[in-house]
Every structure is written in structure tokens, then in C-alpha cells.
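J.: I'd like to ask you about the structure that follows.
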Amino acid sequence: MTTCTTSWRICRRSVSAALQRCAAWALSSLAIVGVLAAQDAKDSWTTYHGDYSGRRHSSLTQMTPANVHQLTLAWAFATGQTQSIKATPILANGVIYISAPDHAWAIDARSAHQLWHYTYPANEGFHIGHRGMAIYNDSVFLTTPDSHLIALDAKDGKVKWNVTIADAKKGYWSTNAPLLIRDHLLVGVSGDFDNLPGILTSVDPETGKTQWTFYSTPPPGTAGNPSDGATGGQMWMTGTYDPESNLLFVGTGNPTPVLNGPVRAGDNRWTDSILALNPDTGRLAWGFQATRHDTHDWDAAEVPVLVDGSFNGTPAKLLMQASRNGYFYVLDRTTGRSLLTTTFATANWATGIDQDGRPIPNPAKEPARDGRLVAPDESGGTNYRSPSFDPKTGVLVVSAHDAYGIYFFRSDHGAYGWAGADYGVFGKSILRAIDYQTGKIRWSHDLGEGASAAGVLTTESGLTFTGDTAGNVIALRTSDGATLWHSGIGRVGNSPITYELDGRQYMLVAGGASLYAFALPEHR
Amino acid sequence: MGKRLQNLTELIGVVVVLQAASPQPRSPEQLQAGQRAFAAQCGFCHGRDAMGGETGPNLTRSAIVADDVGGDKIGPVIRDGRADKGMPPFRLSDADLAAIVAFIHDQKIKSESPGARRSVNAADLQTGNADAGRQYFNGAGRCATCHSPTGDLAGVAKRLQGLELLQRMLYPSRARGATVAVRLPSGELVAGALAYRDEFTVALTDAEGRYRSWPAGRVTFTVDNPLEAHADQLGRYTDDDMHNVLAYLQTLR
């Protein structure tokens, strides 16, 4: 099997076929050729999702259903922060880069030895969490709570440049793990508490210069009223990319004002949508709206997972998303046409599904003065935690959340920012394996009361890794969801990754504010 | 609420603070510093205005805030966190902590002024029919299986009002907990209050107050969790049912 060398500058094996497999891991701008194949660079994990497809499926097979019960701790790294790790680490050239708000660390992937720690100056942006970093040649990139983008020297953590992506004083912040496509570094921001247009920015990774800006809702001064008066639609999660069609896929967040629907009657495009953009120009190729006229803070920012599979017996280029509104969507990613829409988590807010595959919102479930009992709650049927696609069994494994909340709005709540009130009532977490061709749940695995924050990793050997709500990282058999191993490491707040160094496979996961690397015993 | 109005409210808030006979006067500078620090560190969970957010409660309605004098109750919560509720500890300077405390108190004053946003008043919730609620309570809702208007719910409307009563009606998280009976491999039966349960471990607190745990796969156990009925009911309520039962509970004074 072809693998990348340990150099991150170029994938050295051969030119075309090997690049097709090493693809996203070779970080020379010339060598970046994304593919939808499983992750093949055993010693690397160089983007948020591990590859452009967002499948988080590894080709590594040293850990198997038969031996995973022997997993043992190889090392642990404590960040020393009070906030838990939500970031997916990236790994290149034997070095792991992990982030938290205002912080970035480089550590040795073999030993957890810290190479450097960068601290961003104190600032007034939102410090809610951080999803991870990006890497390009000798630079790693960190977004900040006050919506800056910092290029750090990968060797020593020194600042190369620092640019402003969006105006933090207006209410933008960023937790985003940027996505590198050739010489475009795509950076998203957040901002729910002010009425702000949704922004995705493409930045030159060499200089920090802005290449283009895409608005998911109209910037001030736009003629007409294409979003029905809504702002929002922030693209705060990392997108996916199909090199064959040269399309970037990104999910957009909820409209603002968040809970006040009457002031923005209409569908509110392109909020709560899955969008296909040309990464060279930022031009919209197509859009699919997962939630029309959202009044419950349900982003469609969740990972748009790309799969080359079959649908109704015909080969198909697919995009699938388990969305925060509780619905699972399968689209033809060449056109954005809906192929399948069904629920994967409890949802009581729609009266049916329209001819375009979009759920039809029930007006009676809009926030009201006396309260409406709605599923999912604000945190959603799922959230930023990543799902994983297992090609062998054809399932998308999703950390789902069956939950109810009560939603209120009265006219004096106004039309700015949140503009209403909502309260979670009760929820429980269930890992669900969704058959992508039918939408049926192949198996479920209870994760406990409350919302799990852990994403999912599957491997070619038939393992599924995730975390429950009680602070256990768990390994399941992908074919049926049976538990094979667990370790109580504290609340798992990120999505596990895996890599192989010196012939040893590691599974890396965050528990609380620490990273834990698990491996099989060295002398088996 | 627009920026302009928000600023106006802030101005009014400052005036109110200056007029209030507060034991600890709060300067506009301190409130501004508190607002900034709160937004950065606390805002996502509790809302930038402290009136509730994605995972954190509305602090202007918090009992801890109501009881707090100069940070004596809020300070320890911020410094130590509330692990059981998912709140991490925060390391803040004394000045930042004092500013955040001042800001929270200021927001509480604002929230009690007319027109404040993001609040639910008891008056908003009066759309139900108490007779229909009583019928649901005794019939389709099966509430009477566990509850009695002359027993555990006698006077409930005196103890709880408005949103808090509605929330506790839907899912009374602080009500009596679950119990568990554990059969050990020896045959011994141990019963007590369920203290912990995940996929791998079950634990109870016995009659003497001792914590005891076992690997879940090595014992057999039966959990009796009265709250399961509340969780199940969430999928059965119509919004009218919910408002009707609330109206009925409000008659139990």
C-alpha cells in the first residue's frame, strides 16, 4: 500500500496514482489533490476531518474487534486549561497540533513531549470552544475568539502574520478549523447574538490576504430582500471538498433574529443550508435548505459527508448530512437534488416533507408567548461532533440526541439577536448507525442521559470509537454496535482520530482538558 | 432588541444602580469591564446578557444570584465550577471576578424592569384550562399513577410558580431520585438510592450513606426511576395538554 513519507512538504512516492491516495496529506500546494478514498496516509491526519470527504474513516487495521480489548494508554497530554478540548488534533511529520481558545500546542506524537505552546493575547471574543487548526507547508493556522486568523511557524510557534477575518466588535467570533484547498484557506466565523450576515472567507495561506468573501445572507446594502429579512447563516464548521467537481461543501447556521420568526417570514435563504461553492471564486453552484424558516437555532452546519456509493442501484456521487434539526439528508452532490430525507433523532416540528425533500415547518411549533414543547431542543438532534461513514457496512454512524425544549417568543423580546427564550427539558444520547440507502437505523447504542460531545471514528477493521455522556471513551463493533472496550477518561469533547507511527497504531481522543493516546501493548 | 435600545437599557441600568441603595456601588467602568469579561468567558452558556444561553441557565432568575452579596455566593461557583452541571472552573483575577459579579447583579436589576427581553413571566403561561388539565392528570396523562393533588402536590403552586413550575412539571430533575436493587454474585441483595450508572458501572448509596459500586456486567440489578415516566410523557403531550396541566397545578395552592 502506498503511504506518504514523513515529509510534509511533498508526498514522495510517485506522481499521480500515489498522490491520489496521499492527497490531502501532502501539504505542498502543488501536491494537494483531495480524494474521497479512505485515509491512506498512516502517519498523518492533516485536516480537521482527516480527509476532504468528511468520512472520518481510517484504513488502519492494527486495532481489530478481536484485540481492541487490550488497548492501553500510550501517553497523555494535559493542556492545563480549565476548558475541555473540543478540537480535532492534526498530525504531520510526527508532530501533533492541538488548540483551545487563545491557545495552540505542538507535541511529539510519539511521546507527548511539548515542542511549543502559543498563547494569543487576552481578548473579548467568545471563548466557547475551538475546533482545530490547519497546516500548509511550514505554517499552522489558528482562528481566535475575536475572529482573527493567525499563521504560526510550525517549527517554533512564532507568529508569521495575524489578520482580521471579521469584526469582533460587531459580534463575530471564530472557533473554526480552517480548510485548505490548494492555495485557498477557508475560514468561517460565528455570531448568533447580533444580526450579522453569514461570512466565509478565502485567505491566501502565504500572506493572509483575503481572496474572496462569500455571504450566505445578504450583506448590508444588498438590493431586494433575498433572505426575507434574515441575517445569520454562519459557516462555523469545517466543510468538505470534491476535487473532481472542484466543489466545496459547507453547512450554514441558523437565521437571526434567532427565535423571532414573524419578523422574517419566508424561507430565509441561505440559512440552515448545505451549499456547494467554487473554492476559487466563492461562487454558489447550488444550495439545499435543510430547515426552512428556522426558529429554533438549528444549524445545518454539521459535516456534509461525501460518499461515492449507489442509490436505487445506480452509482451515485452523494452528500449526506445528519442535521441539527433531527433529519438525515442524502443529496446528489453534483446538483444538490434531494434523494432521501428522514429523521434520525426525535423531531416533532414538521408536518411532512415537501417535493424538494425539505421538512415542512409546523407553524404551531414556532416559539410562542406561552411556550411550545419542541424536539429537538436547541442543542439539536446532533451538533458539531462529527459522524463517521463506514463504507463496508454502508452506514453513517451519528451521535444523536433525542431531546425536548420549550421555546418562547413574545413581541417585546424584539428583533435583535436571540429575540426569545428557550430552555432544554430533557434529552438522552444514542449512537445510531444509519443505512444511507434507506435512512433506516441499522443499530443503536445508548450513550446515556444528556448530550454527548464526542464525535465518531470508524476504521477499516470494523471498529467504531466514540464517547458516552458519562466520560467513557468506547470502542464498538461497527457491524452491530456491540461494546468491545472502554476507558473512563472524563467527558470526551472532540472526535477521535487514529494514526500509525513506527508500526504502532494510536487512537487519540480528548477527555476533559487532556489528550489521551491509546495503543495495543508493544509486546503482544 | 436593537443596539440603540440595548444601549438605552444599559444607560437606564446604570441609573438604576446608582439610585439603588447597593452595599457595593458599581461604577460604569466596572460594569463595562464586567460586561466584556462576562461576554468573553460566560456569554455562550449563559447568554451575553446573562439571561440564559445554549447550556447555561438565566442568571437573573438564579437563586444563587438572588442570595449573593458582593460575590460571596457567585464567586465560589465561578472559581470552583459546578462539575455536576457541566460548568468548568474559571481562573480570573479578583478585579475581573468583581466586575463579572457586578455585571450579573446589574443585569438582574435590568431584567426586573418592564420590557426586558428573554424572560418568561408567569402571566405569559396562563393559556391553559384547569378542568381539562385535571382530566388529563387523572386520565390520558397518567399523572395520578404517581402523584396526588392532596399528597405530594398539595400546595405545589405556593412553592413553585411560572416557568419554574412548568419546567419541574415537564421534568422534575430535583425530585426524588431513582432507587436500585443489586443482586451480588453471592446472592446477597443490596438496595439503595441510585448514585451512579453508566454502561459499565452501577453504584448506590445505602441506608448508612455509604457509596458502593460494582461492574455492571458482574451483578444483576433493577433500577426504579420514577422520572422515566416524565421523559416518556414529553413525546405524548400536545402543547394544549402541557398548558392545561400547568393550569391545573396552579390551582393546587
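The values are calculated or read from the model by the stated rules, or taken from the named source; none is laboratory data. All values reported here derive from a predicted model rather than from experimental measurement. Every residue, glycine as well, gets a Cβ built from its backbone with ideal geometry; the counts of neighbours run over all protein chains shown.
J.: Considering A:28, A:84, which residue is at pLDDT below 95 and surrounded by fewer than 18 Cβ atoms within 10 Å (Cβ to Cβ)? Can you show your working first?
T.: Numbers: A:84 fails: surrounded by fewer than 18 Cβ atoms within 10 Å (Cβ to Cβ).
Result: A:28 is the single residue among A:28, A:84 that is at pLDDT below 95 and surrounded by fewer than 18 Cβ atoms within 10 Å (Cβ to Cβ).
J.: Which numbered condition in (1) within 21 Å of residue A:50 (Cα to Cα); (2) surrounded by fewer than 21 Cβ atoms within 10 Å (Cβ to Cβ) is the only one that residue A:158 fails?
T.: Condition (1) is where residue A:158 drops out.
J.: Which one of A:328, A:311 is of a type in the set (Phe, Trp, Tyr), in contact (Cβ under 8 Å) with a residue 24 or more places away in the chain and either buried (at least 24 other Cβ atoms within 10 Å of the Cβ) or farther than 25 Å from residue A:55 by Cβ (or both)? Walk me through it before giving the result.
T.: Working: A:311 fails: either buried (at least 24 other Cβ atoms within 10 Å of the Cβ) or farther than 25 Å from residue A:55 by Cβ (or both).
Being of a type in the set (Phe, Trp, Tyr), in contact (Cβ under 8 Å) with a residue 24 or more places away in the chain and either buried (at least 24 other Cβ atoms within 10 Å of the Cβ) or farther than 25 Å from residue A:55 by Cβ (or both) holds for just one of A:328, A:311, which is A:328.
J.: Among the residues of region B:2-51, write down those that are at pLDDT below 50, within 12 Å of chain A (Cβ to nearest Cβ) and touching a helix residue (DSSP H, G or I) at 6+ places or on another chain (Cβ under 7 Å).
T.: The answer is B:9, and nothing else.
J.: With respect to residue A:466, determine if the residue is surrounded by 20 or more Cβ atoms within 10 Å (Cβ to Cβ), touching a Pro at 6+ places or on another chain (Cβ under 9 Å) and closer than 21 Å to residue A:324 by Cβ.
T.: Taking the combined requirement at face value, the residue satisfies it.
J.: Considering region A:314-325 alone, what residues qualify as being buried (at least 18 other Cβ atoms within 10 Å of the Cβ) and more than 14 Å from chain B (Cβ to nearest Cβ)?
T.: A:316, A:317, A:318, A:319, A:320, A:321, A:322, A:323, A:325
J.: Kindly evaluate residue A:487 against the criterion of being touching a strand residue (DSSP E or B) at 6+ places or on another chain (Cβ under 9 Å), assigned to a loop (DSSP other than H, G, I, E, B) and of a type outside the set (Phe, Trp, Tyr).
T.: When the stated conditions are applied, residue A:487 does not pass them.
J.: Here is a further query. Of A:341, A:351, A:346, which residue is without any contact (Cβ under 8 Å) to a residue 12 or more places away in the chain, in contact with a strand residue (DSSP E or B) (Cβ under 7 Å, 6 or more places away or on another chain) and within 27 Å of residue B:236 (Cβ to Cβ)?
T.: A:351
J.: Has region A:377-388 got any residue that is under 21 Å from the mean Cα position of the chain (by Cα), away from chain B (no Cβ under 14 Å), small (Gly, Ala, Ser) and outside any loop (DSSP other than H, G, I, E, B)?
T.: yes
J.: Additional query: Assess whether residue B:223 counts as being over 22 Å from the mean Cα position of the chain (by Cα) and surrounded by fewer than 16 Cβ atoms within 10 Å (Cβ to Cβ). It would help to see each step written out before you state the result.
T.: Working: over 22 Å from the mean Cα position of the chain (by Cα): yes; surrounded by fewer than 16 Cβ atoms within 10 Å (Cβ to Cβ): yes.
Yes; evaluated as a whole, the condition is true for this residue.
J.: Just wondering, is there one or more residues in region A:272-283 that are of a type outside the set (A, V, I, L, M) and within 22 Å of residue A:453 (Cβ to Cβ)?
T.: yes
J.: Return the residues of region A:103-127 that are under 20 Å from residue A:170 (Cα atoms), in contact (Cβ under 8 Å) with a residue 40 or more places away in the chain and either among the hydroxyl-bearing types (Ser, Thr, Tyr) or surrounded by fewer than 21 Cβ atoms within 10 Å (Cβ to Cβ) (or both); say none if nothing qualifies.
T.: Once the filter is applied, which keeps residues that are under 20 Å from residue A:170 (Cα atoms), in contact (Cβ under 8 Å) with a residue 40 or more places away in the chain and either among the hydroxyl-bearing types (Ser, Thr, Tyr) or surrounded by fewer than 21 Cβ atoms within 10 Å (Cβ to Cβ) (or both), region A:103-127 yields A:123, A:124.
J.: Return the total of residues in region B:44-78 being small (Gly, Ala, Ser) and surrounded by 22 or more Cβ atoms within 10 Å (Cβ to Cβ).
T.: Total satisfying the criteria: 4.
J.: Does region A:222-230 contain at least one residue that is of a type in the set (A, V, I, L, M, F, W, C) and under 14 Å from residue A:253 (Cα atoms)?
T.: Within region A:222-230, one or more residues are of a type in the set (A, V, I, L, M, F, W, C) and under 14 Å from residue A:253 (Cα atoms).
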